[in-house]
């Protein structure tokens, strides 16, 4: 009889140890810590999507470079380009993340893009979603 074994990160078994830093930086202190792998991964995905190429020191290829696309005419080709960039970047930098749903919604009147992504993580029971609005 086959069954699916769920792996739990050892970091999640120590509830008082911080795993990462939460984004956005909107707390009273400088940083808000994350204490689970799920929250840390979500913050890392947000960081990837908000980073332009060339911003990361010693890793100039990191980032989705989505803000640069906002200066282009918002067409269906831009939607496809943004979707392809996100999929390839997540496959490169987050190879254990599987994108279940990825919607890129354009708002040409506001020159804005909204990204909705639902994802799962291999060999864990992590399922989450995130929504990011980009506006010029």
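The values are calculated or read from the model by the stated rules, or taken from the named source; none is laboratory data. The structure presented is a predicted model; accordingly, all values stated were derived computationally and were not measured. As a convention, Cβ positions derive from the backbone with ideal geometry for all residues, glycine included, and neighbour counts pool all protein chains shown.
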Output the number of residues of the stretch 101-126 satisfying the condition of being more than 17 Å from residue 71 (Cα to Cα), in contact (Cβ under 8 Å) with a residue 24 or more places away in the chain, touching a strand residue (DSSP E or B) at 6+ places or on another chain (Cβ under 7 Å) and surrounded by 11 or more Cβ atoms within 10 Å (Cβ to Cβ).
-> 4
Failed condition for residue 72, given (1) modelled with pLDDT of 90 or more; (2) surrounded by fewer than 16 Cβ atoms within 10 Å (Cβ to Cβ); (3) in contact with a helix residue (DSSP H, G or I) (Cβ under 7 Å, 6 or more places away or on another chain) | (1)
Those residues that are touching a helix residue (DSSP H, G or I) at 6+ places or on another chain (Cβ under 9 Å) and more than 21 Å from residue 19 (Cα to Cα), I need them from the stretch 33-61; list them, please.
-> 52, 53, 61
Examine the stretch 32-44 for a residue that is part of a strand (DSSP E or B) and touching a strand residue (DSSP E or B) at 6+ places or on another chain (Cβ under 8 Å), and state whether such a residue exists.
-> yes
Residues being part of a strand (DSSP E or B) and in contact (Cβ under 8 Å) with a residue 24 or more places away in the chain: count how many of those fall in the stretch 60-99.
-> 2
